[in-house]
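Undergrad: If you scroll down you'll find the structure; I have some questions about it.
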Amino acid sequence: MNNVTFNKKGTIKYLVWTFLIAWVLQVVVAVLSRSGQVMVGRLLLSVVMFAPLAGVLLSGQSLSGMGWKPRLKGKIRMLFIAWFLPALLTAIGAALYFVVFPGHFDMSGEYLAANAGAEALEQLEAQGLTYPLYILISVVSCLTYAPLINMVLAAGEEAGWRGFLYPQLKAKFGKRRGWLIGGVIWGIWHWPLMWLIGYEYGTDYVGFPIVGMLSFCIFTTVAGILCDWLYEKTECIWIPSIFHGAINAAGTIPMALCITNTGSAILLGPVPIGVLAGLPMIIGAVILLFKSVESEGKL
């Protein structure tokens with residue numbers, strides 16, 4: 001990874017294929033969602049995560065050298081960081097959000113009912129489960145097997161972003177600018193769904209959809225820096241994939257503890273895609289960014 005030579009033609013081809021596939025599929029997902037076929041749309045959204053991997057292959061690039069064979073000797077600490085740090089940072093960010101917005105904290109199960117139907121709460125009661133116990137079970141899954149399961153889908157993105165694009169951008173622009181440019185590209189990749197159906201932030205906020213699009217680019221830039229730092233440290237594509245999967249797993253819990261209609265406050269939290277709840281991750285990414293400047297002798 002350290003001896004990558006910038007391939008302009010290959011990079012352009014990769015971006016064209018990755019965006020073409022993803023944006024077409026996102027439009028289809030939006031159409032399905034608007035027609036009431038939400039579950040089918042969610043399944044197709046999982047397929048979208050493999051667009052960056054497909055982009056690598058269709059642009060004629062190789063997947064070899066990305067670290068598909070786990071190399072954990074002497075790097076167990078990085079594995080633990082990838083597995084557990086997202087949950088810790090998400091918890092700190094959510095706590096910060098609920099301190100600022102205490103009225104948004106909710107343990108009634110409103111979120112579950114809104115997303116899975118009122119019968120979901122009835123099924124919990126029928127099984128003898130309270131909502132707090134449901135949350136506890138979710139926390140346990142978030143800390144144990146969920147990152148591993150989510151890793152499989154996340155690898156479809158990580159192979160394209162961290163495996164191919166980020167090394168190319170860093171070879172061309174240096175680590176600092178490569179990280180920043182890569183993060184913005186990753187964020188823009190999500191824009192069609194954010195515009196068409198309010199993906200991630202909904203539609204009930206000030207400046208929809210532009211503010212949400214820009215806000216999400218902050219998150220993807222931050223997450224991209226953390227993922228790529230782990231990738232550089234381990235040279236194993238599965239490690240940032242676990243981190244990516246762990247972020248997705250951890251993000252479901254603060255939402256389950258929050259009222260469903262927070263208006264423009266959704267831009268602040270309670271999950272890390274919000275600027276306030278995302279502060280712990282933002283701080284970590286900024287520290288790494290400044291360290292990269294020092295290492296490149298640009299202070």
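Undergrad: Place the peptides 111-124, 149-162, 211-224 in order of packing, highest mean first, counting for every residue the other Cβ atoms within 10 Å and averaging per peptide.
TA: Details: 111-124: 14.1, 149-162: 23.5, 211-224: 21.2.
Listed from highest to lowest mean packing, they are 149-162, 211-224, 111-124.
Undergrad: If you don't mind, another one. Based on the Cα gyration tensor of region 1-154, what are the three equivalent ellipsoid semi-axes, each the root of five times an eigenvalue, rounded to whole Å and given largest first? Let's see the in-between values first.
TA: Numbers: eigenvalues 262, 120, 46 Å².
Values for region 1-154, descending: 36, 24, 15 Å.
Undergrad: Add +1 for every Lys or Arg and -1 for every Asp or Glu among the other residues with Cβ under 15 Å from the Cβ of residue 21, and state the total. Could the numbers behind the result be given before it?
TA: Values: positive: 13; negative: 157.
Around residue 21, the surrounding residues sum to 0.
Undergrad: Can you run the Rg to Rh ratio on region 62-149? Use alpha carbon positions and the Kirkwood inverse-distance Rh.
TA: 1.12
Undergrad: Calculate, in whole percent, how much of the Cα-Cα pair population of region 246-295 lies beyond 15 Å.
TA: The calculated P(r) of region 246-295 puts 53 percent of pairs beyond 15 Å.
Undergrad: In region 95-217, what is the volume of the convex hull around the alpha carbon atoms, normalised per residue and reported in Å³?
TA: Per-residue hull volume (Cα only) is 168 Å³.
Undergrad: Let me ask you something else. Taking Rh as the Kirkwood radius, which is the inverse of the mean 1/r over Cα pairs, what is the Rg/Rh value for region 165-223?
TA: Ratio of gyration radius to Kirkwood radius for region 165-223: 1.09.
Undergrad: Using the Cα atoms as the points, what is the convex hull volume per residue of region 180-277 in Å³?
TA: Cα-based convex hull of region 180-277, divided per residue, equals 94 Å³.
Undergrad: Between residue 39 and residue 4, with labels modelled 7 Å along Cα→Cβ, what's the label distance in nm to one decimal, could you check?
TA: With each label placed 7 Å out from Cα toward Cβ, I get 4.0 nm.
Undergrad: In square angstrom, what is the accessible area per residue of region 1-108 with a 1.4 angstrom probe? Mind showing how you got there, number by number?
TA: Numbers: 6500 Å² over 108 residues.
Ligands and nucleic acids excluded, the result is 60 Å² per residue.
Undergrad: Right, next: If you stretched the chain out fully between residue 252 and residue 139, how much longer would it get, using 0.36 nm times the residue separation minus the C-alpha to C-alpha distance?
TA: Gain in length upon complete extension: 39.7 nm.
Undergrad: Here is a further query. By a straight-distance test (C-alpha under 26 Å), which lysines pair with residue 8 as possible cross-link partners, with residues fewer than eight away in the same chain excluded?
TA: 170, 172, 175, 233, 298
Undergrad: Suppose only helical runs count, i.e. DSSP H with n ≥ 4. What mean residue ellipticity at 222 nm does that imply for the chain under -39500 (n - 2.57) per run, divided by all residues and rounded to the nearest 500 deg cm²/dmol?
TA: That comes out to -22000 deg cm²/dmol.
Undergrad: Pop out the Kirkwood hydrodynamic radius of the chain from its pairwise C-alpha distances, inverse of mean 1/r, in Å to one decimal.
TA: Computed over Cα pairs of the chain, the Kirkwood hydrodynamic radius comes out at 19.9 Å.
Undergrad: So what's Rg/Rh here for region 194-235, counting alpha carbon atoms and using the Kirkwood radius for Rh?
TA: Dividing the radius of gyration by the Kirkwood radius yields 1.20.
Undergrad: So, R0 is 35 Å and r is the distance between the beta-carbons of residue 172 and residue 119; what FRET efficiency does that work out to, to 0.05?
TA: 0.10
Undergrad: At a threshold of 8 angstrom on Cα-Cα distance, excluding pairs fewer than six apart, so keeping six or more, what relative contact order does the chain reach in percent?
TA: After rounding, I find 28 percent.
Undergrad: Ok, one more. Between residue 71 and residue 106, what FRET efficiency follows from the Cβ-Cβ distance if R0 is 35 Å, with the result rounded to 0.05?
TA: Step by step, r from the Cβ atoms, then E = 0.20.
Undergrad: Out of all Cα-Cα pairs in region 1-48, roughly what percent, to the nearest whole number, are more than 14 Å apart? Before the final figure, lay out each step's value.
TA: Numbers: 680 of 1128 pairs.
It works out to 60 percent of all Cα pairs.
The values are calculated or read from the model by the stated rules, or taken from the named source; none is laboratory data. Because the structure is predicted, anything quoted here is derived from the model rather than measured. Note: ideal-geometry Cβ built from the backbone for every residue, glycine included; neighbour counts use all protein chains shown. Areas reflect the complete protein model, heavy atoms only, side chains present, ligands, DNA and RNA absent. Shrake-Rupley method; radii C 1.70, N 1.55, O 1.52, S 1.80 Å.
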